Amino acid sequence: MRSVEPYFAPLKEVLISNGDQENADSMAAYLKDQFQFYGIKQTPRRTLFNQFVKEYGLPEYANLGQCIRWLYDQPQREYHYCAMELVLKLKRQWDDEVLKHASYLIATNSWWDTVDLIASNIVGAYLKKHPKLVEPTISMWIESENMWLNRTAILYQLKYKEETSTSWLTQSILPHIDSNEFFHQKAIGWALRQYSKFNPQWVIEFADNHDLKPLSRREALRLVVGNN
């Protein structure tokens, strides 16, 4: 695939034609005006993207990196969502390169609406099947200067339920436990709260044994009986 722009031209056309300025303004405001929008909400956007894929097919997996970079180079947030959808549609072909693609998506045009989905649905899903990659990947992201990679390291186990590794949960939290960054604090609380559904005693003991920031502690213990 020499250039992906011709491939995505019909998608661009259909997104533009389905734009809604009123929605675009409210969607941009919801994300603190960090991104432009066409104003296409999630369900119709997914329908449009599915129709595009049905008509024009999926790109070769070898071209995924080029495709997601083109999509992420576009200013409208809908393209960024389509990039994530594209990665997920090629799930059966994933190899270790998907972690490099995920790292790019996390560190580019970063905000919680994309990062959190990537953390659990892409990174978490792949590492669950390839546990030997957890140490080199998560250790690097824990120590990264990029806050969104830190957040991903904390959140990637959100869907692991009782199979959550408390060792990696602890290792991902402790380096950022004193951080004043809202997105660190919120991620710590969210990860602990999620695990409290399956092992509340462990979460209670973790909160008792570590000096969590108030936001992290409140979020962590929100579902624990007697700690509301």
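Bear in mind these aren't lab numbers, they're just calculated from the coordinates by the rules spelled out. For clarity, every value in this text was computed on a predicted model and none was experimentally measured. With ideal geometry, Cβ positions are generated from the backbone for all residues, glycine too; neighbour counts draw on all protein chains shown.
Worth a mention:
- If you go through region 159-176 and pick out every residue that is among the aliphatic types (A, V, I, L, M) and either touching a residue at least 60 places away in the same chain (Cβ under 8 Å) or surrounded by fewer than 19 Cβ atoms within 10 Å (Cβ to Cβ) (or both), you end up with 1.
Yes/no matrix, rows are residues, columns are (1) farther than 18 Å from Leu169 by Cβ; (2) surrounded by fewer than 20 Cβ atoms within 10 Å (Cβ to Cβ):
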| residue | (1), (2) |
| --- | --- |
| Val98 | yes, no |
| Ala102 | yes, no |
| Ala107 | yes, yes |
| Ala125 | no, yes |
| Lys132 | yes, yes |
| Glu135 | no, yes |
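- Set Leu88, Leu105: member being in contact with a helix residue (DSSP H, G or I) (Cβ under 6 Å, 6 or more places away or on another chain) and touching a residue at least 12 places away in the same chain (Cβ under 8 Å): Leu105
- Residue satisfying all of: in region 33-89; in contact with a Pro (Cβ under 8 Å, 6 or more places away or on another chain) and not in a helix (DSSP H, G or I); surrounded by the most Cβ atoms within 10 Å (Cβ to Cβ) among these: Phe35
- Considering each residue of region 114-136 in turn, at least one proves to be out of contact with any helix residue (DSSP H, G or I) (no Cβ under 7 Å at 6 or more places or on another chain) and closer than 24 Å to Gln66 by Cα.
- Some residue of region 111-124 being assigned to a helix (DSSP H, G or I), under 22 Å from Glu60 (Cβ atoms), of a type outside the set (S, T, N, Q) and under 16 Å from the mean Cα position of the chain (by Cα): yes
- When residues of region 177-195 are limited to those that are crowded, with 22+ Cβ neighbours inside 10 Å and more than 17 Å from the chain's Cα centre (by Cα), the one farthest from Thr152 (Cα to Cα): Tyr195
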